[in-house]
Structure formats: C-alpha cells, structure tokens
Amino acid sequence: MSNWRSQILKEFTPQVSRLTLVADPDGLLTETGVLQGLRERGFELIPFEDPIAFRYAYESKYRLRWDRGEATELVVVLRAEMEDLSILPYDLLQAGRKLSFNLGDVFPNLSYPVLEALDRAYLDPLYRTQLQHRPDTLGDSATKDFVLLHVFEIAPELIRRPQDLIKVLLRRHFRNQRIPTILDECLIQVLRQNELFKDWPLEQIVPLRHAFFAFLQERWPAFLDRLTMTMSEKAGEGEVSYGLEFDGPLEIPFDHDDVRVYIDNLFLEGLLHPVTHQHADKLSNTWVSAGLKLDPESDHLRRLDGLIKNIDASLPPSEARHHEWLTFARKWAELNVMLSDVSETSPPETLQRIKDIKQKIDDSFFSWVQERFAGLYNQPPVPPVMVHHIHRAM
C-alpha cells in the first residue's frame, strides 16, 4: 500500500453500512489525511464523548431521517481512547458495523509503547521506512534506535564531538521536530556515556527548544571574543565573565561548517539575537555579521530583506499539517514586528515585496483553511489545537 492510511481507508466502502462503529485508541481516524479520505468517501465522523451531546446530534441529524427513508452521509461513530465498543448504546451496537484500528496493526514489527508516544505527523516517514527496510520484530530499545535514525535522522552512537551534537540539535530545534520524551531519554542516556558531554545540560537543551537557543545565545559573545582573539584572562571563567545560566562548555563551534550554515537564519528568524561587540567593525564584513548590532537602520533593512526571502521560500504547501502553519506563524510574527518600523518612505520595491508576500500568504492560508480546517475539530486535545480542546487537555 502507498501509505498507512490506505490500510484504514480500505475498510470504508460506501453502501456497505450507513452506520459504522470504530474503536480507535490511538486516534488514527482523527489524523488529517484519514479524515479527508473519509469525507471523500461520503463518511462523517462523530466522536462519542458526551453521551447527551452525541445522542442529540445522532437522532436529529441522522436517525430520524433514516427512518423517513432519506439519504444522508454515512456515519462513523468514533470511540476514541477505548478498544472496547461494548459500552456504546445498545441500539448503535445492533445497527452498526464494528471496526477497530491501532498502531500495532499498521506497524506490527515495531514496539507499541514507542509508537504510541510518536506524533502522528511522523507516521508517514516511518511507514515508508518500514516498507523499505522490512525490519524483523523489534523490542523497545531497537525500535527507539530505528525511529531515531530513520524518522529523525539521529544516530546517537555517531555523536562523538560537540559539533556533532550541536548539528543534531540545530536540525531538530530549527525544524521544530516534536520528538517524544521516551526517545529523548534514550538519546541522553547514550550521550552521557561520552566524557565530552559529562558537563553539558543535556536534560534541558535536548528536549527544550527555548533552552537550546538560550544556551547558544549566551555563548555567542564568547565565540566573537575568541574570533577576534581579545578574550581576557577572566574569559576562561565563563560563569563570572559571561553570566552563564546553563552549565557546560563556554566555547561552541559556531564556525564549524555543519553549524555555520544555520547562523544567518537563526538571527533572521529571531531564534538568536544580535549583540554589540567592541570589535564589531572588524567583524562587519564576515559571516558573523548577522549576529552583530552594527548600524540600526542598515541592520533592520538587511534583516527585513532576508526574512522576506526566508518566508517566501518556506510558505507551507496546501497539504501541510496544522503544526507547519504554527511553526511558520513565528516567522510571520517576526516579520510583522519588523513591519511596524517600516515607514512609507522605505524603498518602493521593499514596500511592494511586503505587499506581495502578504497577499501570497493570505491566498495560501485561505486555501488551506477551506480544505483542512474542518478536520481540526476532531484532533486529539494534547496539545490543544482549538479552544474547545483546552479543557480536555487540562
């Protein structure tokens, strides 16, 4: 099958039964692509959460019309987080066709506890990898390694030097990958076996995006000092000279090729912030200039230009998941903050580019909302996606 959704959607054939009851403990039917596939086949999903609210919707919208012989959309009653359908009302059990889906059906050779913790956005690459490599039955540990390597491109045993770790964490946090705790703990356990990482705050910078970028931010001035060879004798006492909040080494290999490639975008998108430096004039024409406060006006225009290009190149496609738009929203917010300082006397070409990018984003997001927004209602409540999810998440 082309993807894991096909294994589920093949069970939903129109004209077989107008009422289908589904046990879905892993929330597979609430995944955006599955929901869209169900709608294309003429099915509508109704979660059975509040019995009273469900009964009102079911009776008024469907059963009364069925009794009158009218045709309606086919109904799927979803019993989320439960494998047992027997607690559903008797009249539904008598009239409905019964199905059950879980991650173990889709990934029979991988450990269920690991799969259960994985965000549904990563099931696609995992399924493609499963088809390609066809692993034997794997236990918890082997499944963690398999998922880390093939889904998140992390091979813990190959992280031997600081630049290896920084590269992995930059890729992970820059993409805003949501790696489950069970995998982060596995990664940290392997890293702790390396003496080089003994003093690193791994429990903070590995899972927490904001902590990792704060860790880099407070070490950026020290790197600039080293680059200009003007570090004082006290500079070695990092906690005294630089007021470090995070433990670990003072020197970070920002100039390593695998790390340096991220630097411009980190400052453009506001993940790191430029700093003043006594030798900024010497560094202004080098690759570190994005992280320096030079001339406020030229800095602003340079960053604005780079951010517009970055946003234009990273606009989510029509098939994007909602979290891709949430990640994109940060860049768009950064640009809007900068736009508040753009005057009408700015270069006409800059104002036109801003107008064009706004229209492009509006058109793209509106098309996405028309096609995908309806599916957000039935998303799992953790993390909340819509307001009504909040009380369930709490």
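The values are calculated or read from the model by the stated rules, or taken from the named source; none is laboratory data. No experiment lies behind these values; they were computed from the predicted model shown. A quick note on method: Cβ atoms are made from the backbone with ideal geometry, for glycine too, and the neighbour counts reach across all protein chains shown. Ligands, DNA and RNA are excluded from the accessible area calculation, which covers all protein heavy atoms including side chains. Shrake-Rupley method; radii C 1.70, N 1.55, O 1.52, S 1.80 Å.
Only a single criterion out of (1) surrounded by 11 or more Cβ atoms within 10 Å (Cβ to Cβ); (2) under 25 Å from residue 118 (Cβ atoms); (3) in contact (Cβ under 8 Å) with a residue 12 or more places away in the chain is not satisfied by residue 318, namely (1). In region 143-179, how many are farther than 24 Å from residue 267 by Cα, in a helix (DSSP H, G or I) and not aromatic (Phe, Trp, Tyr)? Adding up the residues that qualify gives 10. Applying the criterion of being more than 25 Å from the chain's Cα centre (by Cα) and of a type in the set (Asp, Glu) to the residues of region 244-270, the residue that is nearest to residue 200 (Cα to Cα) is 247. Taking region 176-204 as the range and being in contact (Cβ under 8 Å) with a residue 60 or more places away in the chain and under 18 Å from residue 216 (Cα atoms) as the test, only 176 passes.
Restricting attention to region 15-37, and to residues there that are touching a strand residue (DSSP E or B) at 6+ places or on another chain (Cβ under 6 Å) and either open to solvent by 40 Å² or more (accessible area, probe 1.4 Å) or outside any loop (DSSP other than H, G, I, E, B) (or both), which single residue is nearest to residue 117 (Cα to Cα)? Looking at residues that are touching a strand residue (DSSP E or B) at 6+ places or on another chain (Cβ under 6 Å) and either open to solvent by 40 Å² or more (accessible area, probe 1.4 Å) or outside any loop (DSSP other than H, G, I, E, B) (or both), I get 24. Cβ-Cβ contacts under 6 Å between residues 6 or more apart (or on different chains), taken from a first residue in region 52-79 that is at pLDDT 80 or above to a second residue that is part of a strand (DSSP E or B) and surrounded by 15 or more Cβ atoms within 10 Å (Cβ to Cβ), are listed as 62/75.
So, of the residues in region 284-294 that are of a type in the set (A, V, I, L, M, F, W, C) and either outside any helix (DSSP H, G or I) or touching a Lys or Arg at 6+ places or on another chain (Cβ under 6 Å) (or both), which turns out to be farthest from residue 213 (Cα to Cα)?
We begin by selecting, within region 284-294, every residue of a type in the set (A, V, I, L, M, F, W, C); these are 287-288, 290, 292, 294.
Subset that is either outside any helix (DSSP H, G or I) or touching a Lys or Arg at 6+ places or on another chain (Cβ under 6 Å) (or both): 292, 294.
Numbers: 292: 16, 294: 22 Å.
Here the residue is 294.
With respect to being more than 30 Å from residue 49 (Cβ to Cβ) and either part of a helix (DSSP H, G or I) or within 22 Å of the chain's Cα centre (by Cα) (or both), residue 333 fits the description.
A quick yes/no check of all residues on (1) open to solvent by 10 Å² or more (accessible area, probe 1.4 Å); (2) touching a Lys or Arg at 6+ places or on another chain (Cβ under 8 Å); (3) aliphatic (A, V, I, L, M); (4) over 22 Å from residue 118 (Cβ atoms):
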position: 138; (1), (2), (3), (4): yes, no, yes, no
position: 142; (1), (2), (3), (4): yes, no, yes, no
position: 153; (1), (2), (3), (4): yes, yes, no, no
position: 179; (1), (2), (3), (4): yes, yes, yes, no
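Quick one: in region 225-283, of everything that is among the β-branched types (Val, Ile, Thr) and outside any helix (DSSP H, G or I), which residue is modelled with the lowest pLDDT? I'd like the intermediate steps shown before the answer.
Applying the first criterion (among the β-branched types (Val, Ile, Thr)) to region 225-283 yields 228, 230, 240, 252, 259, 261, 263, 275-276.
Those left that are additionally outside any helix (DSSP H, G or I): 228, 230, 252, 275-276.
Values: 228: 85, 230: 49, 252: 93, 275: 92, 276: 90.
So the residue we want is 230.
The helices (runs of 4 or more DSSP H) located wholly in region 79-129 that include 3 or more residues which are in contact with a strand residue (DSSP E or B) (Cβ under 8 Å, 6 or more places away or on another chain) occupy 90-95. Residues that are outside any helix (DSSP H, G or I), without any contact (Cβ under 8 Å) to a residue 12 or more places away in the chain and not aliphatic (A, V, I, L, M) are absent from region 297-311 altogether.
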